1. In debye, nearest 20: dipole of region 61-118 around its Cα centre with unit charges on the Cβ of K, R (+) and D, E (-)?
2. Answer rounded, prolate or oblate for region 88-140, using the Cα gyration tensor with square roots of eigenvalues a ≥ b ≥ c: rounded when a/c is under 1.5, else prolate when a/b is larger than b/c, else oblate.
3. Roughly speaking, what is the centre-to-centre gap between region 40-91 and region 110-152 when only Cα atoms are used, to the nearest Å?
4. Rounded to the nearest 20 debye, what is the charge dipole size of region 71-152 about its Cα centre when +1 sits on each Lys and Arg Cβ and -1 on each Asp and Glu Cβ?
Amino acid sequence: MRARIAGLLAVLMLLAGCAREIPSTYIPPEPTPTPDSGIDVDLTALSSTMVFAEVYNMLACPEDYLGKTIRAAGEFAVYEEETGRLYAVVVQDALACCAQGLEFVPAGEPAWPEEFPEPGQTVTVEGTFAMYRQGNFEFCHLVDASMTLAAE
């Protein structure tokens, strides 16, 4: 019985996983600035494949994005943690099999939940890319972020 469950889990992990090793010759794309908008990296101007790749690159090489203004669109998500509430915009790859969340800190102090969209609604977020330390770990997020709902 255990072998059957372990085999099923292995198959599910194979089907669900879409991460793969990046060849050593991989050259990440340059961030895409939007002319005259003040946005250094506009993920809304990229295809879904490129958005996923760019967000992956942000998480893999965060030092290349520090201080840059980022615009991203995706599903609004909120996570309750012991240390507080985290907000994120979740972007999917082209096949919608994998998702990556980009955490953000809203500008000002909007009231929860009155001044926030419902989780799962499509939003556009703009903020400054920064890093923070929590315990022994470093995380990246967008600070002083504005958030707008996508047009229905």
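FYI, it's all coordinate maths here, none of it is from the lab. Values in this document were obtained by computation on a predicted structure and should not be read as measured data. Heads up, the Cβs are rebuilt from the backbone with ideal geometry, glycines too, and the neighbour counts pull from every protein chain shown.
1. Result for region 61-118 is approximately 280 debye, rounded to the nearest 20.
2. Working: a/c = 2.02, a/b = 1.04, b/c = 1.93.
Since a/c reaches 1.5 but b/c is at least a/b, the shape of region 88-140 is classed as oblate.
3. The distance from the Cα centre of region 40-91 to that of region 110-152 comes to 9 Å.
4. 260
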